[in-house]
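See structure below.
The values are calculated or read from the model by the stated rules, or taken from the named source; none is laboratory data. Worth saying up front: this structure is predicted, and the values here are computed from it rather than measured. As a convention, Cβ positions derive from the backbone with ideal geometry for all residues, glycine included, and neighbour counts pool all protein chains shown. Note: accessible area is taken over every heavy atom of the protein model, side chains too, but ligands, DNA and RNA are not part of it. Shrake-Rupley method; radii C 1.70, N 1.55, O 1.52, S 1.80 Å.
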Amino acid sequence: MPRTGLARALSKLGHCSRSQGALLIKTGRVSLNGRICRDPERAVDLERDRISVGDIPVSGAEPIYLMLNKPRGLITTASDEQGRGTVYECFAGEAFAHLSPVGRLDKASEGLLLFSNDNRWANAITDPASKTSKTYHVQIGCLVDEALLTRLREGVIHEEEELNFRSVTVLRQGDKNTWLEIVLDEGRNRHIRRVLEALDIEVLRLVRVAIAHLKLGPLTKGAWRHLSAAEVSALK
């Protein structure tokens, strides 16, 4: 288990925010393995070290694992200085301890977004080395032929970064636009949009429909649900 600073440990355990934890530590209210510790950055092991605030031991919050069908127009953050709507509005009235998004979807994107207070579980999913697949349905403003499919499958160099898809297939085509299914096994910033931008392709909609074998399914826009134990285990 990686070590972390004492103030951050209080936050990760769901006791308080990191800044509140630092204040508790500096005022001598936090004990580490039975001794008062006044250093917020003191390295601790969450699996071995004993942390108390006053005489009360601090234990981890009950783990929470959720999936949300993110609506378009919300940003993936807890608050926004510009006053824009955030994904946390979908949890209004709920008291979830230190719930964080697992990865991100940009403001214009929609679909499956995971949340948890289990950082190790979240990191295992977002770690590039895990190669966790993510499936998207993307509506683009043009028709697709074999030549364009080949270009999409070859990937692009965008802003000195090589960007590729695991797979690209055509779902259906209309008179003027096409729905593609795109699968990624890495999660670079605005990955799909950057590839399509480099090829001068307009993105009309971008919906994440699956992470690994976990599918968005019939969950309505803006709605959320808890993951089952089997679903949580399958993503580890």
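Mind checking the full-extension length gain between ARG29 and ALA108? Use 0.36 nm per residue of separation minus the Cα-Cα distance, one decimal, nm.
24.0 nm
If we sort 21-29, 217-225 on the protection proxy, mean other Cβ atoms within 10 Å, highest first, what's the order?
21-29, 217-225
Counting only Cα atoms, I'd like the Rg/Rh figure for the stretch 1-64, Kirkwood definition for Rh.
Rounded to two decimals, Rg over Rh is 0.92.
Per residue, how large is the accessible surface of the chain? Use a 1.4 angstrom probe and give square angstrom.
55 Å²
Among PRO71, PRO101, PRO128, which one shows the highest mean-square fluctuation when the chain is modelled as a Gaussian network with alpha-carbon springs under 10 Å?
Residue with maximal mean-square fluctuation among PRO71, PRO101, PRO128: PRO128.
Can you list the GluC sites (Glu not before Pro) in the stretch 144-236 that are in a DSSP coil and have 10 or fewer other beta carbons within 10 angstrom?
GLU159, GLU160
With the dipole of the stretch 53-193 worked out from charges on the C-beta (+1 for Lys and Arg, -1 for Asp and Glu) around the Cα centre, which of LEU152, SER100, GLY54 lies farthest toward the positive end?
Selected residue: LEU152.
Determine how large the accessible area of ASP49 is when every protein chain is in place; take a 1.4 Å probe and give Å² rounded to the nearest 10.
40 Å²
Could you list the GluC sites (Glu not before Pro) in the stretch 5-95 that lie in coil according to DSSP, counting only those with at most 13 other Cβ atoms within 10 Å of their Cβ?
GLU41, GLU47, GLU81, GLU94
Hey, if you put +1 on the Cβ of every Lys and Arg and -1 on every Asp and Glu Cβ in the stretch 1-147, which of LEU66, ALA9, LEU24 ends up farthest toward the positive end of that dipole?
LEU24
First compute the accessible area of the stretch 119-167 with a 1.4 Å probe, then give the percent of it belonging to carbon and sulfur atoms.
The computed percentage sits at 45.
Counting Lys and Arg as +1 and Asp and Glu as -1, what is the net charge of the other residues whose Cβ lies under 12 Å from the Cβ of SER31?
Once all neighbours under 12 Å are counted, the net charge is +3.
Less than 28 Å apart at the alpha-carbon level, and either on another chain or at least 8 residues along: which lysines does that give for LYS107?
Output for LYS107: LYS12, LYS70, LYS131, LYS134, LYS176, LYS215, LYS221, LYS236.
Using 1/(1 + (r/R0)^6) with R0 = 41 angstrom and r between the beta carbons of VAL183 and PHE96, what's the FRET efficiency to the nearest 0.05?
0.85
In Å, what Kirkwood hydrodynamic radius results for the chain from the alpha-carbon pair distances?
20.1 Å
How would you classify the stretch 75-127 from its alpha-carbon gyration tensor, with a ≥ b ≥ c the square roots of the eigenvalues: rounded for a/c under 1.5, else prolate if a/b is greater than b/c, otherwise oblate?
Because a/c hits 1.5 or more and a/b fails to exceed b/c, the stretch 75-127 counts as oblate.
Which cross-chain or sequence-distant (5 or more) residues have an amide H under 5 Å from the amide H of HIS158, H modelled 1.01 Å from N in plane?
LEU163
Based on alpha-carbon positions alone, could you give the equivalent ellipsoid semi-axes of the stretch 118-210 from the gyration tensor, as √(5λ), descending, whole Å?
25, 15, 11
Apply the Karplus parameterisation 6.51 cos²θ - 1.76 cosθ + 1.60, with θ equal to phi minus 60°, to every residue of the stretch 72-83 and state each ³J(HN,Hα) to the nearest whole Hz, in sequence, with x for glycine and proline.
Running phi through 6.51 cos²θ - 1.76 cosθ + 1.60 with θ = phi - 60° gives 5, x, 9, 9, 8, 7, 6, 8, 9, 5, 8, x Hz.
Highest GNM mean-square fluctuation, the chain, Cα pairs closer than 10 Å: which of ASN123, ASN33, ASN69?
ASN33
Give me the percent of the accessible area of the stretch 194-236 that comes from carbon and sulfur atoms, probe 1.4 Å, all protein chains in place.
56 percent
For a label point 7 angstrom out from the Cα of LEU143 toward its Cβ, which stretches of the stretch 160-187 have the backbone nitrogen within less than 18 Å?
Inside the label zone: 170-180.
Suppose every Lys and Arg Cβ carries +1 and every Asp and Glu Cβ carries -1, with no other charges. What dipole size does the stretch 78-236 come out with about its Cα centre, to the nearest 20 debye?
500 debye
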